[in-house]
Structure formats: structure tokens, C-alpha cells
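The values are calculated or read from the model by the stated rules, or taken from the named source; none is laboratory data. Since the model is a prediction, treat every value here as computed from it, not as a measurement. All Cβ positions, glycine included, derive from the backbone under ideal geometry; neighbour counts span all protein chains shown.
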């Protein structure tokens, strides 16, 4: 994700994940066999009550180069989004646009975000359940305009491990009062579902995340990604061919997953219906 000579803009929100990201990258910078720059950037969205002194004091104390960007996206979101509706989508788009602009001004070659494994799985389920897409968040991507590389160095980290890390490090956490506190937030419903799974079926989330790294396009149904129309028989084994009649093999934790009882399924379904209302 990081190459020699990179100037990495680390997006720092004040939450546990971005603090851990910055701390880990600073340690990597000190010990990696290549040289790269780090600059922390915080977007002050002018949320009421935001403790604007916390991050500058922390970053100054640890000797970290930083820039605080002031942009009143909060007022825009509150003006455009009706009361009671979730603000995440618009807030995210506005924040992304500002960060891309700042990355260009700073000459950053990479933009580092603090999304972790659980964020990626939550996005997968959100897209499946509410968007009709099989899509998550990749550890590395190019922005739509082709001008920026975005990296997620925490992509393989569990949220509970990052929470423990932040607790030990005693970071000065700043809570998000704009989106995280919204009632019936779809992402929160998904998060609670995953937490229940992780508690009841240890290993389930790890296996689901591995599935994102083992995609069989020939066994899905997207005709734009796989040429089903022109499939022909041939006189040699066909790679990724039909294994519909082969015995399915599952690891022990997957067998437990398949034994989910009807009561749990009904409970989860009820949560989705409640969030939809």
C-alpha cells in the first residue's frame, strides 16, 4: 500500500480507528526499510460542541505534522437532509470531496483511511440488503476521477482489537455526534447483527471476510462480469466449471453457521423490518 517516497495523508477524525491508524503508520515509518512522509489531516465539519483543541494539542505533543481543514459541511447536511433521515450518505460525499481537494493541495500520493475489517463486512451487508449489490470496500482503490490512491491499512484488523489498542494507548477520543447517534441507522443494525454472530459463532466473521478474497465469478449471476452467454462444451477440464454435484466442504465454524436456528433468523429479520420503518 505504501511505496518509497510516498507522502501519505492520514485522515484523522478523532475516533479510535483513525488514532490507531496514525499510531501504527508512525511506528511503520520508524522501522520500515523505505522512507515515506506522513501528514495528519482533520476535517473540522463545524459540528456543535466539537472540541477543536483536542487534535491540535495531541498532534503537537507527539510531534506529528498536521493540518486542520475547516469546512462547514454540518450546516449543509442539516439543511438538505430532512429531520429524522440518516445523514451518512451526504456527509460522506461532502467529506470525501474536501479530502480529495486537500490531498491535491498537499501533494499527497496516498490517502489513508481508518476503515477496518468490520467496516468492510458491514458495507458488504448494507449493499446486499439495501442496495442490491455485491460490493464492499477494497483495501486499496483509485478515486473515480483517477487522481487519488486511497488505502485502508487496517482492512484486516478486527474492530474489537482496535478498541483494545485505543484503550491501552489512551487516545483522546472524540465522539461523532452527527451520524453515530442517529436512531435506526441501518449500519448500526448490521453492526449489532455481526456482534451477535461473533459472540454466538466465533470465527464466523473471519470466514466471511475470507470469502471476499475468494470470489468465484462463474458461480454468481453477473453477466457483465462473466460470459455465461458464450459458454461452450470442450474436450478438456473447464476451469471454474460446474461443481454443483460435488460434496460441499466446510470448516467447523461454517457448519455451526449453517445450523443457525429459526429463532435467530426471525429476530434478525425483525430488526431489518424495524429499521426499514
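Tabulated values for the structure
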quantity: Any hit, the stretch 101-118, residues being out of contact with any strand residue (DSSP E or B) (no Cβ under 8 Å at 6 or more places or on another chain), modelled with pLDDT of 95 or more, loosely packed, with under 13 Cβ neighbours inside 10 Å and closer than 18 Å to residue 44 by Cβ; calculated: yes
quantity: Any hit, the stretch 212-227, residues being out of contact with any helix residue (DSSP H, G or I) (no Cβ under 6 Å at 6 or more places or on another chain), assigned to a helix (DSSP H, G or I) and in contact (Cβ under 8 Å) with a residue 40 or more places away in the chain; calculated: no
quantity: Some residue of the stretch 36-48 being modelled with pLDDT under 95 and either loosely packed, with under 15 Cβ neighbours inside 10 Å or closer than 26 Å to residue 127 by Cα (or both); calculated: yes
